[in-house]
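Comments concern the structure below.
The values are calculated or read from the model by the stated rules, or taken from the named source; none is laboratory data. Predicted, not measured: the structure shown is a model, and the values here were computed from it. Neighbour counts run over all protein chains shown; Cβ positions are idealised from the backbone, glycine included. In case anyone asks, the SASA skips ligands and DNA or RNA and just uses the protein heavy atoms, side chains included. Shrake-Rupley method; radii C 1.70, N 1.55, O 1.52, S 1.80 Å.
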Amino acid sequence: MTRRRLRARDVLRDEGGSASLEFVTVGVILLVPLVYLVLAVGAIQAGVLATEGAARHAARVYSLAPDDASGRKAVERAVAVALADYGIDRSAASVSLHCDGGCLEPGSRVTVIVRASVTLPLVPPVLTMRERASVPVEASATVPVSRFAGAG
């Protein structure tokens, strides 16, 4: 009887295999925040690329427009398309247009600023948490209007 108790005690005290269990537990505990960090940085980088592309393209289409009204419509379309390519809602962005000198005059410069709010991934839409868990991004682009604009 004493030998059986001794064997049972030895079996219960045996730590064989516990290192792998500890490794898996610690690995999961460290891996989950790391994966979320990668997802968050990826979402923010997508927002930055979207605003930069939108600002650059909007400035170019406005500088090539024949008049101010059609230029502003082209800017809105360009920004909407550029943001949609990266999955950013157009309502989460704002666009401002500034001109050095007269807009669309040959030699003047057009500056477009695009601001957007990038929501972090996996944030539930509860009690305005999405608005609090968002990162503002901004990009601007300046394009000169061709000195031959309006000619022809």
query: Leu49: over 9 Å from the mean Cα position of the chain (by Cα) and under 15 Å from Val118 (Cα atoms), yes or no?
result: no
statement: All-but-one check, Arg77 against (1) surrounded by fewer than 16 Cβ atoms within 10 Å (Cβ to Cβ); (2) closer than 18 Å to Val135 by Cβ, failing number (2)
- prompt: Can you name the residue in segment 95-113 that is polar (S, T, N, Q) and surrounded by 13 or more Cβ atoms within 10 Å (Cβ to Cβ) and, of all such residues, is nearest to Arg56 (Cα to Cα)?
  reply: Thr111
message: Under 9 Å between Cβ atoms, which residue pairs at least 6 apart in sequence (or on different chains) link something in segment 114-138 that is within 19 Å of Pro33 (Cα to Cα) with a partner that is of a type in the set (Phe, Trp, Tyr)?
response: Leu120/Tyr36; Pro121/Tyr36; Leu122/Tyr36
- prompt: Residue check, Ala141 against (1) within 23 Å of Val48 (Cα to Cα); (2) touching a residue at least 12 places away in the same chain (Cβ under 8 Å); (3) in a loop (DSSP other than H, G, I, E, B), all met but one. Which one?
  reply: (3)
field: Residues (open to solvent by less than 80 Å² (accessible area, probe 1.4 Å), out of contact with any Leu (no Cβ under 7 Å at 6 or more places or on another chain), within 17 Å of Leu104 (Cβ to Cβ) and in contact (Cβ under 8 Å) with a residue 24 or more places away in the chain) located in segment 33-64
entry: Ala58, Ala59, Ser63
